[in-house]
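One structure is given below, encoded as structure tokens.
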Amino acid sequence: MEVYEIIKGALEGKSIRRIILNKCLKEKFDSKGIIIDLASGDNLSYRFIKNLIKVDLYAKNVNIRADLNHTLPFKDDSIDAVIFFNAIYILKNPERILNEIYRILKPYGKLYLSSPFVFNEAPEPKDYFRFTSIYLKEKLNEIKFHVEEIIPIGERFSVITYIVSQRMPNFLKPFIYVPAFYIDGFLNKKIRTYRLPLNYFVIAKKVKE
């Protein structure tokens, strides 16, 4: 990631979590066709994806209003890719939504999932879970997804930066975001123990037997 991208995101008020996640999605996203963004919110974070269908229950600027605790309003095998960022923790039955995503994806369609790991309690309207990479991989495999990658987003310095920057003016954030990003990049090459990421970013493919 270039320094100017970090500075630009910080000055726009994005968290270090969101800056790294957006960059990672942009680098890894390779789907075409019908793309939906579950729990999209009002902000358009993925401008590089054309004709994105935004799905949310509470946001104002959406294409389809839907409650993710219930059956999704899409036909079986009808969607080419699903983006599901930072919302799985608010669902009381996360396995249900993963099964629903599997149902609506076309064969070999992709799920791009982000799950917070280090994150403040944030009822939207509820807050139930924080998932490990092991849980995410095993649960997706049970549902018959093929997990292509699980990428830790951030590390110890990004975690500290995220915590201390939440009430910081935007113009000051680049001064701690940039060092944190590059220090964590160095640490990721050296750490042999368990990681401490902000998020896990998962890419999984629907494979029918």
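The numbers here are math on the coordinates, done by the rules we state, and not lab data. Fair warning: this is a prediction, and the values are worked out from it, not measured in the lab. Positions of Cβ are backbone-derived with ideal geometry, glycine not excepted, and every protein chain shown enters the neighbour counts.
Remarks
- Evaluating D184 against the criteria (1) more than 12 Å from S15 (Cα to Cα); (2) touching a Leu at 6+ places or on another chain (Cβ under 6 Å); (3) crowded, with 20+ Cβ neighbours inside 10 Å leaves one unmet condition, (2).
- Single unsatisfied condition, F186 versus (1) touching a residue at least 12 places away in the same chain (Cβ under 8 Å); (2) assigned to a helix (DSSP H, G or I); (3) among the hydrophobic types (A, V, I, L, M, F, W, C): (1)
- Unique residue being out of contact with any Phe, Trp or Tyr (no Cβ under 9 Å at 6 or more places or on another chain) and among the β-branched types (V, I, T) when the list is I79, I64, I101: I79
- Residue list for region 133-159, restricted to those being over 24 Å from R103 (Cβ atoms) and touching a helix residue (DSSP H, G or I) at 6+ places or on another chain (Cβ under 7 Å): I151, I153, G154, E155, R156, F157, S158
- For I151, the conditions (1) touching a strand residue (DSSP E or B) at 6+ places or on another chain (Cβ under 9 Å); (2) more than 30 Å from K106 (Cβ to Cβ) all hold with the exception of (2).
- Among residues of region 141-181 being surrounded by fewer than 19 Cβ atoms within 10 Å (Cβ to Cβ) and basic (K, R), the one that is farthest from L11 (Cα to Cα) is K144.
- Qualifying residue in region 110-118 (condition: touching a Pro at 6+ places or on another chain (Cβ under 9 Å) and not hydroxyl-bearing (S, T, Y)): yes
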